[in-house]
Amino acid sequence: MLNVSTAGSALGPNAVEYLEHALSTLGDLPISSQEKLEAIGILSGLVKLLVTNESEQRRAGRLPSEWQAATDMCLAERATDGRHPNLADVLDRTLFSSPSTEDTQFDRVIRRVLVGLLGPGTNQKVCDRRFPLVAARSHILP
């Protein structure tokens with residue numbers, strides 16, 4: 001991924017085309033125009049954050065799964081010090097219980113955020129239909 005600062009830059013033609021497409025996919029949802037714009041902005045920002053984090057790990061020579069395993073081990077060690085009972089409880093219930101690939105974690109997080117932003121009637125099928133561009137992650141990263 002090319003790391004280019006966008007501070008102070010105007011929207012380019014592709015950004016406007018993306019916004020137009022995203023708004024058309026949300027056209028019939030019973031949410032306000034402001035909520036539609038906010039959902040698109042949050043989705044765009046979240047995708048950028050997740051892709052940037054993964055890209056940084058790859059540049060550092062670590063696969064995302066290696067970084068996640070190291071993070072899990074560090075958290076597990078710190079959770080046993082007695083000063084973090086909530087962390088220990090959560091890790092006891094989840095750590096290592098359901099391994100996920102980078103793709104499934106990315107998809108799961110994006111879908112949960114979209115369901116939260118678009119309303120309680122939104123389900124996975126609606127997210128898949130409305131935001132097929134989320135799958136573009138595989139084209140962004142090598």
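Structure summary
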read-out: Footprinting exposure proxy for Lys36, Lys48 (fewest neighbouring C-beta atoms within 10 Å first); value: Lys48, Lys36
read-out: Calculated FRET efficiency for the pair Ser33/Val109, C-beta based, R₀ 30 Å, to 0.05; value: 0.70
read-out: Cβ-derived FRET efficiency at R0 25 Å, Val51 paired with Glu20, nearest 0.05; value: 0.70
read-out: Linear extension gain, Leu63 paired with Ser44, 0.36 nm per residue minus alpha-carbon span; value: 4.5 nm
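No value in this document is a laboratory result; all are computed from the given coordinates. Quick caveat, the model's predicted, so the values are computed rather than measured. Cβ: placed from backbone, ideal geometry, glycine included. Neighbour counts: every protein chain shown.
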